[in-house]
Amino acid sequence: MSASLLGPTRRGFLKGMGALSFAFLSGGTVAVFGRSAEAQSMPGGRINAWVTITPDDRMTILYGGAEMGQGVSTALPMIIAEELDADWSTVTSEQVGNDLAGVYGNPATGGILYTAGSYTVEGYFTALRQAGAQARQILRQMAAAHWGVPAEEVTTRQGAVLHDASGRTMSYGQVAALPEPVTTVGEVAEDSLKPRSDWTIIGTDVERLDIPDKTTGATRYSIDVDVPEMVYAVQLLAPVEGETPTVNSDAAARAVDGVVDVIALPNSVAVLARSFWAAVAGRDALDVTWSETSPFRNADSEVELENLASVVDDMTADAVVWESRGDEAADYAAGNVISAHYTTEHVYHAQLEPLNAVASVDDDGLGAEIWIGTQSQTVSVAVAAAVLGTTPDRIRLHAMQMGGAFGRRTWFAREMLRDALILSRAVGRPVKLVWTREDDVKQGWLRAATVHRFDAILDDAGTLTAMRHRIAAPSTFQFVQPDRWDPEVRMDPLIMEGSETRDYDIPDFRAEHLLVPRVSRLSAWRGIGWGPVCFARECFIDELAGQAGSDPVDFRRRLLANSPRALNVLEAAVSMSDFGNAPEGRAHGIAFAGYKSSFASGVAEVSYEGERLRVHRFWAAVDPGLVIHPQSYRSQVEGGILFGLSSVLAERSSFTQGQIDQNSFYDYQPIRMYDVPEVEVRLIDSGNPPGGGGEVGVPMTAPAIANAVRALTGAAPDRLPFSRRT
């Protein structure tokens, strides 16, 4: 029996004699059912079947996070399996597609199914430990009842229950086959959970559950889905946001062999065909003109950067205070103030799999089956229900693994799913809507451009006593989540997070956001606000160290003296790299730049080969607290470092008259293999709860490289990418 969604009106997954499914009820109670009849008698309330065990000892564990290569399909089941005393070799996992009862959601993201910002393991950890522990209690109780012994005498070990006094044992699969009635247990006390000294799964490099199928090509992404009667759709998309099409003629498109329909939408003209390439040929044959009335027709990225630079220096401009400590009235107009500016330009996500979705709308138009790679099942279901004017229970979502996301498949894939549903309803058959790479680049939702101004005061001893950080940028949050944007408060975490700078002991500190109107579509990018913020801040910290006549490491040591975890990663990075002793012709640069509850410090070793910047080595020390699966975490940090390096070397999106200038990977250039340095990652377990890993590699990378360039040449880049430095 395979595990699947279980809701108050969807209990069919329990059909199948002998299978044992654990349901977690409201109030912290757990129930276990062995027969579908028993399931039907279950009391109402929230229900969440995390674990299914079959008599052949196979265990399926559901997980709420979205798998996009980061390994949550392994890490989250590991947490349950640990407390359950499971035999990991019997475990498989399934991603949740919907959450009608509202119980699979991540506590750290408001209880919805949403995977972004490195919240997944951090958010689910406590709840999943409890789930595994309660399931283990149920297995003990069922075995005890069968043997006629007290439950306190029954123990578990690696997928089996044991009664040492009598020498009896049963596998979990044998327990699943028992005819016992419903058993319930309450919440397991914290001190009854397994101590870390007894862990055999968490913290080990068990084999990832998703790798074998990815290695053999068996993993299916939404772009691989093929269902009966399906047609392909491609779109001629508006070249400028907000413009509408006028179809002068679609005769040539309809004449292409295989084309079945041409449909005009508010933002595009879609061509539907029996093959993808026929749809592309039909699109190329369209005769369409565009409205040319969008206010974004005048948008220009160079003008935007000039405007941001002007606003950040305008001390009369309205500023939203994000963080303030100490004396807000520090005299930054005095002669001893040190000031500097830093710029980060737009970048595109460049995920390997372009956006796509498969939708099959029901005959009555009020339900649909959907296959999509999404970072939020909850958002995708809500979008589908809204488009069809129906209720979420009519949406059957298959949440597919993703070929990369990095923020591109959170709130930003809504239009893709909307259009797929509209087209399927219009033609009365399943539709696979695919954007080409060129579509994805041209329609990119970009990381916001930012300009940073720092002002700081050093005392006579070279101690940093006051610092102000001003960030000029449009609001990403206002654009992507307008229903949650508070126009009175105007707080944007997607721009400002990381600017708090709380680990540095600076008596007087202020961070403020100068909002400007957006002139492009915006989104979060890997590293969120921390990437641009930490690039600017850590470059400025090196500048201040130079002004104070201090070594950059010693200067940071003093600032981090009251933050033991921060100081620890700094010292580890220094030790790993033998900082300051680079080979001849090379130089080292350092940065302290974590992400939320994870602490990190990085060291880059660079040189110039002619005009080309070469990063030879990169060392990263990371304290994320507890690490569930070290191999996956290291991979995440390494990937983040390469993301950061790619934004240093060349990645850049620009636009002219509202149209993105780049087209594909030949002119939007992510990092190439020959640019990849040797990377060493050291994980430090400080005993704290688990923190995220997907973002933490990005923020430290650019400033460490920039500071290495400063050490090598005497001048640090102040702009991302470095190829655009002024």
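The values are calculated or read from the model by the stated rules, or taken from the named source; none is laboratory data. The structure presented is a predicted model; accordingly, all values stated were derived computationally and were not measured. All Cβ positions, glycine included, derive from the backbone under ideal geometry; neighbour counts span all protein chains shown. In case anyone asks, the SASA skips ligands and DNA or RNA and just uses the protein heavy atoms, side chains included. Shrake-Rupley method; radii C 1.70, N 1.55, O 1.52, S 1.80 Å.
Tabulated data for the structure shown
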quantity	calculated
Residue ID - nearest to V698 (Cα to Cα), chosen from residues in the range 531-565 that are open to solvent by 20 Å² or more (accessible area, probe 1.4 Å) and under 28 Å from the mean Cα position of the chain (by Cα)	R565
When residues of the range 480-492 are limited to those that are of a type in the set (D, E, K, R) and under 25 Å from the mean Cα position of the chain (by Cα), the one most open to solvent (accessible area, probe 1.4 Å)	R484
Selection count, the range 73-120, where residues are open to solvent by 30 Å² or more (accessible area, probe 1.4 Å) and assigned to a helix (DSSP H, G or I)	4
Out of A591, A573, sole residue that is in contact with a Cys (Cβ under 8 Å, 6 or more places away or on another chain) and either open to solvent by less than 10 Å² (accessible area, probe 1.4 Å) or more than 13 Å from D503 (Cα to Cα) (or both)	A591
Those residues of the range 614-651 which are within 30 Å of S197 (Cα to Cα), open to solvent by 10 Å² or more (accessible area, probe 1.4 Å) and among the charged types (D, E, K, R), in sequence order	R634, E638
Residue in the range 464-475 that is over 30 Å from F555 (Cβ atoms) and open to solvent by less than 20 Å² (accessible area, probe 1.4 Å) present	yes
Cβ-Cβ under 8 Å pairs, at least 6 apart or on other chains, the range 599-613 side crowded, with 24+ Cβ neighbours inside 10 Å and modelled with pLDDT of 95 or more, far side among the basic types (K, R) and assigned to a strand (DSSP E or B)	A604/R617; E605/R617; V606/R614
Residue identified as in contact with a Lys or Arg (Cβ under 6 Å, 6 or more places away or on another chain) and open to solvent by 20 Å² or more (accessible area, probe 1.4 Å) among A189, A151, A177	A151
Subset of the range 198-232 that is among the hydrophobic types (A, V, I, L, M, F, W, C) and not in a loop (DSSP other than H, G, I, E, B) - its residue that is least open to solvent (accessible area, probe 1.4 Å)	V231
Among the residues listed as I506, I495, the single one being open to solvent by less than 20 Å² (accessible area, probe 1.4 Å), out of contact with any Cys (no Cβ under 8 Å at 6 or more places or on another chain), hydrophobic (A, V, I, L, M, F, W, C) and without any contact (Cβ under 8 Å) to a residue 60 or more places away in the chain	I495
Subset tally (residues that are of a type outside the set (F, W, Y) and open to solvent by less than 10 Å² (accessible area, probe 1.4 Å)) for the range 521-530	4
Every residue from the range 652-675 that is open to solvent by less than 60 Å² (accessible area, probe 1.4 Å) and of a type in the set (D, E)	D667, D675
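Listed here are the residues, each with its yes/no results for (1) in contact (Cβ under 8 Å) with a residue 60 or more places away in the chain; (2) surrounded by 20 or more Cβ atoms within 10 Å (Cβ to Cβ); (3) not in a helix (DSSP H, G or I).
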| site | (1), (2), (3) |
| --- | --- |
| V234 | yes, yes, yes |
| V269 | no, yes, yes |
| A278 | no, yes, no |
| T293 | no, no, yes |
| A309 | yes, no, no |
| T316 | no, no, yes |
| W322 | yes, yes, yes |
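Here is a yes/no grid of residues against (1) small (G, A, S); (2) more than 32 Å from the chain's Cα centre (by Cα):
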{"site": "P266", "(1), (2)": "no, no"}
{"site": "E306", "(1), (2)": "no, no"}
{"site": "D318", "(1), (2)": "no, no"}
{"site": "D327", "(1), (2)": "no, yes"}
{"site": "A334", "(1), (2)": "yes, yes"}
{"site": "T343", "(1), (2)": "no, no"}
{"site": "H349", "(1), (2)": "no, no"}
{"site": "L366", "(1), (2)": "no, no"}
